[in-house]
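A.B. asks: Pasting in a structure now, in structure tokens, and then I'll have a few things to ask.
The values are calculated or read from the model by the stated rules, or taken from the named source; none is laboratory data. Bear in mind that the values here come from a model prediction, so they are computed numbers and not experimental data. Glycine gets a Cβ as well: all are built from the backbone with ideal geometry, and neighbour counts include every protein chain shown.
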Amino acid sequence: MKSSAAPALPVFQAKDFKSDLKPIWCPGCGDFGVLQAIYRALAAVGRPPHEIAFVSGIGCSSRIPGYTTAYGFNSVHGRALPIAQGIKLANPDLLVLVAGGDGDGFSIGGGHVPHTIRRNPDITYIVMDNQIYGLTKGQLSPTSPRGLKTVTSEYGSVEAPVNPLLYVLAYGANFVAQGTPADMAGLSEVIEEAIRYPGFSFVNVQSPCVTFGGEEAQVKAHRAHMKTLKSLGHDSTDRLAAMGLAQLYGQELHTGVFYRNPEPPPTLDALFRERQETLAGKALPRERILDAFIQK
Amino acid sequence: MDDLVIGMAGSGGDGIVSAGESLIAAAAYEGYSAMMTKSFGSQVRGGESSCRVRLSTTHVFNPGGILDVAVALNWEDFLKFGAELPVSGATVVIYDSKTGVEPAAIPLAGVAPKEVFAVPIGDLAKQATGTDKAKNTVVLGLIAGWFGIGRQGILRGLEKRFAKKGLALVQANEKAFILGEQFAKEHPLASPRAMDRPMGVPGKKMLVDGNDMCAAAAIFGGCQFFGGYPITPSTEVMQFFTREVWKYGGSALQAEDEIAGIGAALGASFAGKKAMTATSGPGMALKTEMMGLASIAELPLVILDVQRGGPSTGLPTKPEQSDLFMAAFSAHGDVLRPILAPTSVADTFDVTVEAFNIAERYQTPVIILSDQEVAQRKETVDLIDTSRFTIEERRRPTDAELTDYARFRLTEDGVSPISHPGMKGGNYQGAGIEHNEHANPTASGKVHAAMNEKRFRKLAPLRLRRDLFHIEGNKNAKLALVAWGSVAGICREVFTRAKGEGLDVKLLVPWLLYPVADEVYRDFFASVRAGFVVELSHQGQLYRILRMFTDVPAGVVSLARSGANPFQPDEILAQLRNAAVSLQQPDVSVPSEE
């Protein structure tokens, strides 16, 4: 377990997770805030950088592993989740983080999300949701609101957006939260809690695109409109209530934990490990693996 | 007799394949060399099914051509297999008399076999067991009776197979076998064809198909992770892994799609474990992007492509050798991926272990290009001494190298020490984006050129690996055969027979298809004036690739045709004879332009 295996010493600080690489992001990009929140969360969790594998796909936000001192894998578009599962299954002792944009996670890579959820590997998935394709300079994304005018929707989008929160809740995710860089303390907290959660955990971050995003999607607007789920008295163990609130995605900006299964089901990596332990004694020695084929 | 080719066909419920399985298991147990291929219609259940079993007292190179024995439980299904079950005038034809066809009127065009037996197969089965389900057991009795093979082994096999279902069923099937055997004894062949005793010792042969062999070899070679998606004809590899790999401390993931399958395998490799995926043509197309990532991120990975007929869905259950271009060239950017091809179930072991070794040594994806026949046929394999294999591991950084670690350091041989998560000081960013020595992203043309050069340079030694080629015959021979994959087995037989009849021929069978070992071919072709590159594809893809990368004499031509049209040794032999005659013609030189 990534959380319980945390050593007491040494104590890490946020700066220990910061690499020398300078982010390519535009000044004021929401992703800077997400990066800071991840530094803080990792410091709080206390695993050394070399025991962390941070996987991403393609997009502005997918550059994020490179800005940390962890092992990173900036892979191909939409495929971070399968790669991360391979890493976790190959070495369950690692802390495995996945991050990317809404296009990476819910458009090109959308098919991997349900299957990752139902397998429940002990990994954390952070989506930086800015409702736009930033790296390719401002096209519609799967979470773009209806009516949004972009370079590929000159006359306004006619498509309904994907609702990432409802999407993952519907497929049975056991930990679902949302944050915004407008509330750094809250964001660091939900990321830390997600990392500590034993099993697949999902954090949707409303991460403003300063260059292509609308005014209502900027930090200033977030600050004015965001509501913590705590302040609404939401019971985060109530999955149906979480789904009710999640339906307001795109209309309200709720922050905090939507759902946290108080009885985490067994993780994929734990089940695999158990199977390895059960069957370990039943192997022929590796060099005699062919003996099973002999016709005696 | 020292060699016998049996072909059988019936409808799905007739148990033809299980009769074949019983026969080959019995033959293997008794020490014969044997090979079995199965063929089905595309129906999931029912429909037509067939199998071929070839037995030899010495060695079987291929499933054989013309049948010595043809068994038809009904003619409609038998005829659907056409060229897969070819009959000649010398074939012994056995069919169920219930079909109502007169022996003189069997529906085989162009032949009038001398020995045709209409046997009440269904009735004998009913007599023995009360139902006609045991038709396949009656067939086994007929074969044992007429060709003298496998009696003990088959009876032993029946006992094993039906033991769980009770003694009564075992005895009923034994009776069905004996009725078949008796029928054969009461109706002897005009020219007896009993098999000689095998050279092998009982109980000393493996019986295995190519897919199981590949998976077992992978685990032997240290593979700790499999990620894949079901696809014919490679699925058995995943089935083996999901059953066995846990016992060796590894994991297997049946992923949601082909991309996730290779993605998980690549992730496992990034995490420091040997990993593989398996697929067929359509899956290879989907995995292409991830293979590119493996190349640029310099991660070891083994990809098995069991080729079937294409393009698209093509012929999912039939062999073809038409994925070579895709394996070599389907990539954006400049990419060199080693490709190895097994030619038999036996050498699938060597090739798979080698694939992992190359992947680990050079930190590269390696493609094993098998085909439906090699992968799904069952073959007797002599015991393999696993101690003669070396298992390689990727080069990890030393403590000194970790003090100023550069994941993609430009070393002399192009191989940079590779760390993995969990290794302190080895932290780096793996990436699909071009990177400098310290793994930081770059758009510099200079760095890109240096990295491309490194990624090609590290694989250059492969072109000198003469041990990945099998060359037989007189060094100065004027005639040549080149064949790969399952077709190599046909050409091995052709080569032996050609030499036997005095043709001056040599044979080259590559395990390494790509990169093209230009010098190996140049040396081989130096004496050659005529020959054939024999392949089961419309284009003749290896021939084309050889023409790209090495000098091929003008007299060496492509002998290629689409999949599911197996080559017959006789036809290739005839081509060689003609080629030999044409070399004896006085040289008619073309007047030069000058």
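A.B. asks: Which residues, taken from the range B:201-233, are in contact with an Asp or Glu (Cβ under 8 Å, 6 or more places away or on another chain), farther than 16 Å from B:Thr277 by Cα and not β-branched (Val, Ile, Thr)?
C.D. replies: Passing the criteria: B:Pro202, B:Lys204, B:Lys205, B:Met206, B:Leu207, B:Asp209.
Residue-by-condition table, conditions (1) among the hydroxyl-bearing types (Ser, Thr, Tyr); (2) out of contact with any helix residue (DSSP H, G or I) (no Cβ under 8 Å at 6 or more places or on another chain); (3) more than 15 Å from A:Val176 (Cβ to Cβ):
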{"position": "A:Gly199", "(1), (2), (3)": "no, yes, no"}
{"position": "A:Asn204", "(1), (2), (3)": "no, no, no"}
{"position": "A:Gly213", "(1), (2), (3)": "no, yes, yes"}
{"position": "A:Ala221", "(1), (2), (3)": "no, no, yes"}
{"position": "A:His225", "(1), (2), (3)": "no, yes, yes"}
{"position": "A:Ser231", "(1), (2), (3)": "yes, yes, yes"}
{"position": "A:Ser236", "(1), (2), (3)": "yes, no, no"}
{"position": "A:Arg239", "(1), (2), (3)": "no, no, no"}
{"position": "A:Tyr249", "(1), (2), (3)": "yes, no, no"}
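A.B. asks: Could you check the range A:31-48 and list, in sequence order, the residues that are surrounded by fewer than 24 Cβ atoms within 10 Å (Cβ to Cβ) and in contact with an Asp or Glu (Cβ under 7 Å, 6 or more places away or on another chain)?
C.D. replies: A:Ala43, A:Ala44, A:Val45, listed by residue number.
A.B. asks: Can you tell me which condition A:Thr228 does not meet? The list is (1) closer than 25 Å to A:Thr116 by Cβ; (2) more than 19 Å from the chain's Cα centre (by Cα), and all the others hold.
C.D. replies: Of everything listed in (1) closer than 25 Å to A:Thr116 by Cβ; (2) more than 19 Å from the chain's Cα centre (by Cα), A:Thr228 misses just condition (1).
A.B. asks: Give the residues of the range B:376-392 that are surrounded by 12 or more Cβ atoms within 10 Å (Cβ to Cβ) and more than 12 Å from B:Ser33 (Cα to Cα), sorted by residue number.
C.D. replies: Within the range B:376-392, B:Gln376, B:Arg377, B:Leu383, B:Ile384, B:Thr386, B:Phe389, B:Ile391, B:Glu392 meet the criteria.
A.B. asks: Would you confirm whether or not the range A:175-190 contains a residue that is touching a Phe, Trp or Tyr at 6+ places or on another chain (Cβ under 6 Å), at pLDDT 95 or above and surrounded by fewer than 24 Cβ atoms within 10 Å (Cβ to Cβ)?
C.D. replies: Checked against the condition, which is being touching a Phe, Trp or Tyr at 6+ places or on another chain (Cβ under 6 Å), at pLDDT 95 or above and surrounded by fewer than 24 Cβ atoms within 10 Å (Cβ to Cβ), the range A:175-190 yields no hits at all.
A.B. asks: Among the strands (runs of 3 or more DSSP E) confined wholly to the range B:500-590, which include 1 or more residues that are of a type in the set (Val, Ile, Thr)?
C.D. replies: In the range B:500-590, the matching strands (runs of 3 or more DSSP E) lie at B:505-510, B:530-535, B:556-560.
A.B. asks: Six or more apart or on different chains, Cβ atoms under 6 Å: show the pairs whose first residue is in the range B:212-227 and assigned by TED's automatic domain parsing to the domain that holds B:Glu256 and whose second is of a type outside the set (Lys, Arg) and part of a loop (DSSP other than H, G, I, E, B).
C.D. replies: B:Gly221/B:Ile391; B:Gly222/B:Ile391; B:Gln224/B:Gly250; B:Phe225/B:Gly250; B:Gly227/B:Ala255
A.B. asks: Mind checking whether some residue in the range A:229-238 is without any contact (Cβ under 8 Å) to a residue 24 or more places away in the chain and within 14 Å of chain B (Cβ to nearest Cβ)?
C.D. replies: Among the residues of the range A:229-238, not one is without any contact (Cβ under 8 Å) to a residue 24 or more places away in the chain and within 14 Å of chain B (Cβ to nearest Cβ), which makes the answer no.
A.B. asks: Within the set of pairs 6+ apart or on separate chains, which have a first residue in the range B:260-273 that is more than 7 Å from every other protein chain (Cβ to nearest Cβ), a second that is small (Gly, Ala, Ser), and C-beta atoms under 6 Å apart?
C.D. replies: Close Cβ pairs satisfying both conditions: B:Gly261/B:Gly227; B:Gly261/B:Gly228; B:Gly261/B:Ala255; B:Ser269/B:Ala275.
A.B. asks: Something else now. With respect to the numbered conditions (1) without any contact (Cβ under 8 Å) to a residue 12 or more places away in the chain; (2) not in a helix (DSSP H, G or I); (3) not basic (Lys, Arg), which one is the sole condition not fulfilled by A:Glu216?
C.D. replies: Of the numbered conditions (1) without any contact (Cβ under 8 Å) to a residue 12 or more places away in the chain; (2) not in a helix (DSSP H, G or I); (3) not basic (Lys, Arg), the odd one out for A:Glu216 is (2).
A.B. asks: Report the residue count in the range B:246-259 for those that are facing another protein chain (nearest Cβ under 7 Å) and touching a residue at least 12 places away in the same chain (Cβ under 8 Å). Explain how you work it out, then say what you get.
C.D. replies: If we filter the range B:246-259 for residues that are facing another protein chain (nearest Cβ under 7 Å), which is where we start, we get B:246-249, B:251, B:253, B:255-257, B:259.
Pick out the ones that are also touching a residue at least 12 places away in the same chain (Cβ under 8 Å) and you get B:248-249, B:251, B:253, B:255-257, B:259.
So the answer is 8.
A.B. asks: In the range B:294-304, is there at least one residue being at pLDDT 95 or above, under 26 Å from B:Gln372 (Cβ atoms) and part of a helix (DSSP H, G or I)?
C.D. replies: Yes, some residue in the range B:294-304 is at pLDDT 95 or above, under 26 Å from B:Gln372 (Cβ atoms) and part of a helix (DSSP H, G or I).
A.B. asks: Specify which of the listed residues (A:Leu271, A:Leu284, A:Leu279) is within 14 Å of chain B (Cβ to nearest Cβ) and part of a loop (DSSP other than H, G, I, E, B).
C.D. replies: It is A:Leu284.
A.B. asks: Right, here's the next one. Tell me, yes or no, whether the range A:79-95 has at least one residue that is part of a helix (DSSP H, G or I) and more than 10 Å from chain B (Cβ to nearest Cβ).
C.D. replies: Step one: filter the range A:79-95 for residues part of a helix (DSSP H, G or I), giving A:80-90.
From what's left, more than 10 Å from chain B (Cβ to nearest Cβ): none.
No, the conditions are met nowhere in the range A:79-95.
A.B. asks: Answer yes or no: is there a residue in the range B:147-164 that is of a type in the set (S, T, N, Q) and either over 27 Å from A:Ile294 (Cα atoms) or touching a residue at least 12 places away in the same chain (Cβ under 8 Å) (or both).
C.D. replies: yes
A.B. asks: In the range B:363-417, what residues are assigned to a loop (DSSP other than H, G, I, E, B) and within 20 Å of the chain's Cα centre (by Cα)?
C.D. replies: Filtering the range B:363-417 down to residues assigned to a loop (DSSP other than H, G, I, E, B) leaves B:363-364, B:377, B:383-385, B:389-398, B:404-417.
Once the filter is applied, which keeps residues that are assigned to a loop (DSSP other than H, G, I, E, B) and within 20 Å of the chain's Cα centre (by Cα), the range B:363-417 yields B:Arg377, B:Leu383, B:Ile384.
A.B. asks: Please work out which residue is farthest from the chain's Cα centre (by Cα), limiting yourself to the range B:277-305 and to residues that are within 12 Å of chain A (Cβ to nearest Cβ), touching a residue at least 40 places away in the same chain (Cβ under 8 Å) and farther than 24 Å from B:Asn427 by Cα.
C.D. replies: B:Thr288
A.B. asks: Mind counting the residues in the range B:1-29 that are among the hydrophobic types (A, V, I, L, M, F, W, C), touching a residue at least 60 places away in the same chain (Cβ under 8 Å) and part of a helix (DSSP H, G or I)?
C.D. replies: Kept after step one, since they are among the hydrophobic types (A, V, I, L, M, F, W, C), are these residues of the range B:1-29: B:1, B:4-6, B:8-9, B:16-17, B:19, B:23-28.
Filter again for touching a residue at least 60 places away in the same chain (Cβ under 8 Å), leaving B:1, B:4-6, B:8-9, B:16, B:19, B:23-28.
Imposing the further condition that a residue be part of a helix (DSSP H, G or I) reduces the set to B:16, B:19, B:23-28.
Within the range B:1-29, residues that are among the hydrophobic types (A, V, I, L, M, F, W, C), touching a residue at least 60 places away in the same chain (Cβ under 8 Å) and part of a helix (DSSP H, G or I) number 8.
A.B. asks: A follow-up question, please. Filter the range B:196-216 down to the residues that are under 30 Å from B:Ile367 (Cβ atoms), more than 7 Å from chain A (Cβ to nearest Cβ) and aliphatic (A, V, I, L, M) and list them by number.
C.D. replies: Across the range B:196-216, the qualifying residues are B:Met213, B:Ala215.
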